[in-house]
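Have a look at the structure below, then the notes.
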Amino acid sequence: MLSPWQSIIARFRSAGFNATAAITSLAIILAFALGDFVGRTRNVSPVEQSISKILTKNPTPLKKNVLEQAAIEAVLKASGDQWANYFPQESVKNLTQTLEGRYSGIGIWLRKSKSGVLEVSSVQSNSPAARAGIKVLDTLVDIDGVAMDGASLATAVAALRGVANTKLQIGVERNQEQIRFEITRESIFNGDVVAYQLATKVIYIQISSITSQVASEVAIALAKYPHQGGIVLDLRDNPGGLLFVAVDVASLFLNGGTIVSYSRKDDSTLVLESNNSVADVAPMTVLINRSTASSAEVIAGALQDRNRAVIIGEKSYGKGTVQEIIELVDGSKLEITVGKYRTPNGRVIDQVGIAPDLLVPEGEEIKKALLVLGGLATISK
C-alpha cells in the first residue's frame, strides 16, 4: 500500500513528471503556502491577535463581536474625542429613528458631559419625560437598575427605547440629589417644532432638536401664522442635530451667503451657504441658553453675524465640533469629530459658545423678545 506521499508522486508520474520534478513542484507549492500563511500572520494586528487568543483560551464562552465592540469603544476613548460614539448594528436603527424624530421612548436627548458622564441635553415638549419632571442637565444614574456609569451613548439610548406603553425605571442625579422616575414609553413622531401666535402678528417657534423634518416644519409655521410684527425663534435647551438641516433652517431667514464653515484634517475648508433668494424678512429674535449646543449654535451664530436677529438669553454651551457618521463593513457606525465650526465672521464656537446680544435672566426671555421686536418695528417704520 502506497503512503500519501508516494500516492502524490505516482500521480505526478502518471501526468508525465518524474519523482525529482514532483518533489520540486511540491516544495514550491509548500513554500508559497507557507509564505502566504506567514504574510497573513504578519498582517494580523495585536488587537486582532489578542481577541483571537482570548476567544481560544478564555474558559468562559465569549462572543467575538462583544470583544470587538469593547476594543472600538476603548480606541475612541483613547483618541480623546469627547463626542465620538460607536453604534453597533443593533443600535443603528435607534440612531436613525432619533435623527428622523420618530421612535418609541420617553422624549429625551442624551450627551456626554464635559466630565464624561451621560446627561440630559434636551427634553421634548409634552413628552413622557417632560410630564414626569426630567430636566435638562440631569445626570443619568441608571435605567431599570442597570448602572449607566461608563456606559456608551448607544447603550443608554437602546435601554431607553422599547415598545410603546411599556414602563421603565430611570434614576438621575440633580444638584447632588438622586431622583427616581417611573415613565411609560410612547411613540414619538416629529414633535421637535412647536409654533403658535404669540402676539398680534408675532410668531413663536420653538425647536427642541435639529432632526430631519425641522426645516420644513418651520417653513410651514411661517406660512401659517401672520408674523409681520416679528419672529421669536426659541433654541433654548436645543442640543443640535443634523448640520445640513440647521443650514436649511438658517437659510429660511438669510438670502445667500455663508451660514457656517469648518476646516478638515486635510486642510480643506467646507463652506455651507444659503441658496435662498426669498428669505423671510420679518424682525427677529433668537432665544438661547447654556444648553443650546452644536448645530443650534450654528443657527444662532449665523443669524447674529449676518445682523439678521437679536440674540437673547445666556451664553450657549460651546459645542462647536463637527461630527461625521461613518458606516463600517458590518453595518455598524462610528460618529467621530472631523472639524470645528466657524460662524460667517470666522468666530470659533467650540469651548466659547455664542454670547447673546442681550443677557437676560431665565424666565424673562420671551418678555424681553417682545419688547425688542416692538422696538425693531418702530425703527423700521
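Which one is surrounded by the fewest Cβ atoms within 10 Å (Cβ to Cβ) among residues in the stretch 49-82 that are in a helix (DSSP H, G or I) and basic (Lys, Arg)?
The residue in question is Lys57.
When both residues are 6+ apart or on different chains and their Cβ atoms are under 6 Å apart, which pairs have a first residue that lies in the stretch 307-327 and is farther than 30 Å from Ala377 by Cα and among the basic types (Lys, Arg), and a second that is surrounded by 24 or more Cβ atoms within 10 Å (Cβ to Cβ) and modelled with pLDDT of 90 or more?
Pairs that qualify, where the first residue is farther than 30 Å from Ala377 by Cα and among the basic types (Lys, Arg) and the partner is surrounded by 24 or more Cβ atoms within 10 Å (Cβ to Cβ) and modelled with pLDDT of 90 or more, are Lys319/Ala293; Lys319/Ser294.
Of all residues in the stretch 99-120, how many are in contact with a helix residue (DSSP H, G or I) (Cβ under 9 Å, 6 or more places away or on another chain), within 16 Å of Gly171 (Cα to Cα) and outside any strand (DSSP E or B)?
Total meeting the criteria: 2.
Right, Ser277: farther than 30 Å from Val360 by Cα and part of a loop (DSSP other than H, G, I, E, B) or not?
yes
Residues to consider are Ala10, Ala22; find the one that is buried (at least 16 other Cβ atoms within 10 Å of the Cβ), farther than 22 Å from Ala151 by Cβ and either modelled with pLDDT under 85 or among the aromatic types (Phe, Trp, Tyr) (or both).
The conditions single out Ala22.
If you go through the stretch 121-178, how many residues are among the β-branched types (Val, Ile, Thr), in a strand (DSSP E or B), in contact (Cβ under 8 Å) with a residue 24 or more places away in the chain and over 24 Å from Glu335 (Cα atoms)?
Number of matching residues: 2.
Of all residues in the stretch 83-100 being in contact (Cβ under 8 Å) with a residue 12 or more places away in the chain and of a type in the set (Val, Ile, Thr), which is surrounded by the fewest Cβ atoms within 10 Å (Cβ to Cβ)?
Within the stretch 83-100, the match that is surrounded by the fewest Cβ atoms within 10 Å (Cβ to Cβ) is Val92.
Taking the stretch 232-272 as the region of interest, how many residues are free of Cβ contacts under 8 Å to residues at least 40 places away in the same chain and either outside any strand (DSSP E or B) or of a type in the set (Lys, Arg) (or both)?
9
Taking strands (runs of 3 or more DSSP E) that fall entirely within the stretch 288-381, which contain at least 3 residues that are surrounded by fewer than 23 Cβ atoms within 10 Å (Cβ to Cβ) and under 26 Å from the mean Cα position of the chain (by Cα)?
321-327, 333-342
Among the residues of the stretch 185-215, what is the count of those that are within 27 Å of the chain's Cα centre (by Cα) and surrounded by 14 or more Cβ atoms within 10 Å (Cβ to Cβ)?
Residues flagged as within 27 Å of the chain's Cα centre (by Cα) and surrounded by 14 or more Cβ atoms within 10 Å (Cβ to Cβ) within the stretch 185-215 amount to 21.
Taking Ser263 as the residue in question, decide whether it is in the same structural domain as Ala223 (by TED's automatic domain parsing), closer than 22 Å to Val338 by Cβ and surrounded by fewer than 16 Cβ atoms within 10 Å (Cβ to Cβ).
yes
If you go through the stretch 83-98, how many residues are closer than 19 Å to Gly241 by Cα and part of a helix (DSSP H, G or I)?
Matching residues across the stretch 83-98 total 8.
The rows are residues; the columns are (1) within 26 Å of Gly80 (Cα to Cα); (2) among the acidic types (Asp, Glu); (3) exposed (fewer than 14 other Cβ atoms within 10 Å of the Cβ).
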position: Ala129; (1), (2), (3): no, no, no
position: Ile134; (1), (2), (3): no, no, no
position: Val141; (1), (2), (3): yes, no, no
position: Ala147; (1), (2), (3): yes, no, yes
position: Val157; (1), (2), (3): yes, no, no
position: Leu160; (1), (2), (3): no, no, no
position: Thr166; (1), (2), (3): no, no, yes
position: Arg180; (1), (2), (3): no, no, yes
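Tell me whether the stretch 183-193 contains one or more residues that are more than 22 Å from Tyr341 (Cβ to Cβ), assigned by TED's automatic domain parsing to the domain that holds Leu118 and part of a helix (DSSP H, G or I).
No.
The values are calculated or read from the model by the stated rules, or taken from the named source; none is laboratory data. Keep in mind that this is a model prediction, so the values were computed, not measured. Using ideal geometry, Cβ is built from the backbone for each residue, glycine included, and neighbour counts are taken over all protein chains shown.
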